[in-house]
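Note sheet for the following structure.
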């Protein structure tokens, strides 16, 4: 037990910090925890909002990590998984007046269906062709969302607006509750993914990424494992879309575009592809950077984003977490040497 | 005969389906509409082909999916616009750009230089970064002080939109005087050259692979060309500006096409040598890198040329108006240079619907000859099959890689500058065209050169016919309903076609089976 606590101390500390974050920010800003608890306006509420966005991005990036980082399938239609979740939630609540559990039920059905749709393609195309086919599927969905025929439901190119969120988790009045809900979902998804990667199924997925032919030679029908990863990914991404719709006042059609898939790629690249932890680290860096750049630089923010992207690809290809894992021993040794020099 | 059938079954079926599709399409509309739509489809197909063929050559030989290709197409268009509308800016830019490129033109000399320098381990790590930093600082200090007569995106009276509007109405453009103020000309010149050489040396130090280099005069050709251009740009600045302003719009357009293509070639060469080359061992990262490059490129275009859309004026050769227009036949057109020509009583725009497909055809044939009839083409074709084997035979594949990348980007830039007068310039023209080119390649076969042409024509035709039917509507047989395809169906239809074809034939129509 004690060993377990020590070996996972980083995770526990992070979790504790995240739980206390709204209150700490409140204290720095002169708001007592009681104020924060009743959702008083202030810095704490703003930071909670930013954190919620980061959690949603993390869930979304995790869902991409499982197919790209773990299983090694490059899909350019991944934003469709997210957008289906987001749009379906909005339409179910707004146009059909469904309750949240019923909406979630429909989400599960829809995400299984779309994972099967992507799975249909799987045995026929590999590698780059798979990326192109998924890009095609994704852009068809994007076009459908943007088209004025379904404007009544999707809001066409303006985006889906006016979704009335049930009062008990409304992000405006009950933000702290929403914060903890998003945090819980993220932690649960992370644990689920950790379990998946370490399960025999996940191991085969890693083997497929490393060398699909070899995995097949060992007698695994790789199709089923890839399909399992796609299913898991689709469900998670739909869940992220669900939270996104509840949190954001407007669902922009950009969430269905290629740009949103690239955002997931960028998050993973910053954090570290295939590391799971990397999704969270990457999401923090990505969101804060985006926020800071838009605030202080303005419209040219995507130039810097692109430059960071290129620099990461060239110089830190394993991302922050990946590089840390590779070099942690060296860093530790260097640190000890430095300390020894000072102690002399 | 039998084996011919078996080998080309896909091709024959495709041609058959196309023929059925075209005859079916011809039933629904008047003959003149059909011809015009056919020509428009060919025009869109030709532009798509220029992008797609470069993309396919690069993917076939280098295995790099260059997602920045659309952005490079766009940059070509903007370069062409600059030459046509603001020749003074172009002449002023010539020197700094040539100087920036000159350092990178010295490619093979650096490893030799690096092997002479013996350094400690920590110095070896710091040196490249320090050199790059010095180079960036030098550039950052000199470039803003280099006199360039340029437009002002913020100021509407001097924005690109206004200038292109003025150029379109034939107004003379104001030549803004430019002079060196803070730095003297020789010091700026030498400073830029030095910065470029230092930067290129720093970047080359990252590549640690041992290489044996034998220097000959050939290594210095490209830097000599760059330096000559730079010197000419400085020495004959005013003379060249007045010369370019004095040119007729036809010749100016020709110069623009040449400049855009050559700058595309240079850009492609530099991009391959500096950014793509370190990543051949990690293909997925190359893809991500090009994605990032594309975002950077679009943002740079936004900063330099601004966000609003504008049009590049057509050369006078294709822009005649007056009593004799529209021309009724080609001899008539040749005499009057009308912008439109009557074909079966329908007005066809000469530049858009006749000139562009002809250029597309010329490029198709010349690249075909290059691939089939020259030694370089032979190496490229062999490299597409197995680049390691070609390298084992003692051919410097790396150099061929750079050349093919440069050629591909040059083709995209050529497409951009040709498309600029007809499509107009916007920040997003590259992305939509890249999607078209990707679809065309996926349909035709990713690494197949004829496949790129076939796919592009199919994509262009389908889109144009759907747009046309969006205007006139399709009468569905046995019913009274008239179905009008809506604009979203235009991209959706080709994307769906791509998905279907990829599912039936994962290698595309003309792609080779692996």
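The values are calculated or read from the model by the stated rules, or taken from the named source; none is laboratory data. From a predicted model like this one, the values you see are computed outputs, not experimental measurements. Don't worry about glycine lacking a Cβ; one is built from the backbone with ideal geometry, like all the others, and counts go over all protein chains shown.
List of remarks:
- When restricted to residues that are out of contact with any strand residue (DSSP E or B) (no Cβ under 7 Å at 6 or more places or on another chain), touching a residue at least 24 places away in the same chain (Cβ under 8 Å) and in a helix (DSSP H, G or I), segment B:142-165 contains 5.
- Across segment B:320-363, the number of residues qualifying as closer than 27 Å to residue B:261 by Cβ and in a loop (DSSP other than H, G, I, E, B) comes to 2.
- The set of residues in segment A:107-126 that are at the interface with chain B (Cβ under 9 Å from one of its Cβ atoms), surrounded by 14 or more Cβ atoms within 10 Å (Cβ to Cβ) and in a helix (DSSP H, G or I) contains only A:121.
- All conditions but one from (1) within 14 Å of chain A (Cβ to nearest Cβ); (2) free of Cβ contacts under 8 Å to residues at least 24 places away in the same chain apply to residue B:482; the one that does not is (1).
- Yes/no for residue A:44 being part of a helix (DSSP H, G or I) and without any contact (Cβ under 8 Å) to a residue 60 or more places away in the chain: yes
- Residue within segment A:75-93 that is in a loop (DSSP other than H, G, I, E, B) and away from every other protein chain (no Cβ under 14 Å) present: no
- Within segment A:127-217, helices (runs of 4 or more DSSP H) holding 2 or more residues that are more than 14 Å from chain B (Cβ to nearest Cβ), within 25 Å of residue A:280 (Cβ to Cβ) and in contact with a helix residue (DSSP H, G or I) (Cβ under 7 Å, 6 or more places away or on another chain): A:175-198, A:200-210
- Counting only helices (runs of 4 or more DSSP H) that sit completely within segment B:1-105, those holding 3 or more residues that are buried (at least 18 other Cβ atoms within 10 Å of the Cβ) correspond to B:31-62, B:69-85, B:87-104.
- Scope segment B:14-62; condition within 30 Å of residue B:386 (Cβ to Cβ) and either at pLDDT below 80 or out of contact with any helix residue (DSSP H, G or I) (no Cβ under 6 Å at 6 or more places or on another chain) (or both); matching residues: B:14, B:59
- For segment B:109-119, the criterion of a residue being outside any helix (DSSP H, G or I), out of contact with any strand residue (DSSP E or B) (no Cβ under 7 Å at 6 or more places or on another chain) and under 27 Å from residue B:407 (Cα atoms) is satisfied by no position.
- Given (1) surrounded by fewer than 21 Cβ atoms within 10 Å (Cβ to Cβ); (2) at positive phi; (3) within 9 Å of chain A (Cβ to nearest Cβ), number of the condition residue B:489 does not satisfy: (2)
- Residue A:207 vs. criteria at pLDDT below 90 and farther than 18 Å from residue A:61 by Cα: no
- Of all residues making up segment B:372-397, the number that are in a helix (DSSP H, G or I) and surrounded by fewer than 17 Cβ atoms within 10 Å (Cβ to Cβ): 12
- Residue that is nearest to the other protein chains (Cβ to nearest Cβ) [pool: residues in segment B:297-312 that are within 19 Å of the chain's Cα centre (by Cα) and assigned to a loop (DSSP other than H, G, I, E, B)]: B:309
- Residue B:137 fulfils the conditions (1) within 29 Å of the chain's Cα centre (by Cα); (2) at pLDDT 75 or above except for a single criterion, (1).
- Residue tally, condition in contact (Cβ under 8 Å) with a residue 60 or more places away in the chain and within 10 Å of chain A (Cβ to nearest Cβ), over segment B:499-509: 4
- Scope segment B:431-461; condition closer than 18 Å to residue B:68 by Cβ and either at pLDDT below 85 or not in a helix (DSSP H, G or I) (or both); matching residues: B:431, B:432, B:446
- Flag for residue B:299 being crowded, with 18+ Cβ neighbours inside 10 Å, free of Cβ contacts under 8 Å to residues at least 24 places away in the same chain and touching a helix residue (DSSP H, G or I) at 6+ places or on another chain (Cβ under 9 Å): yes
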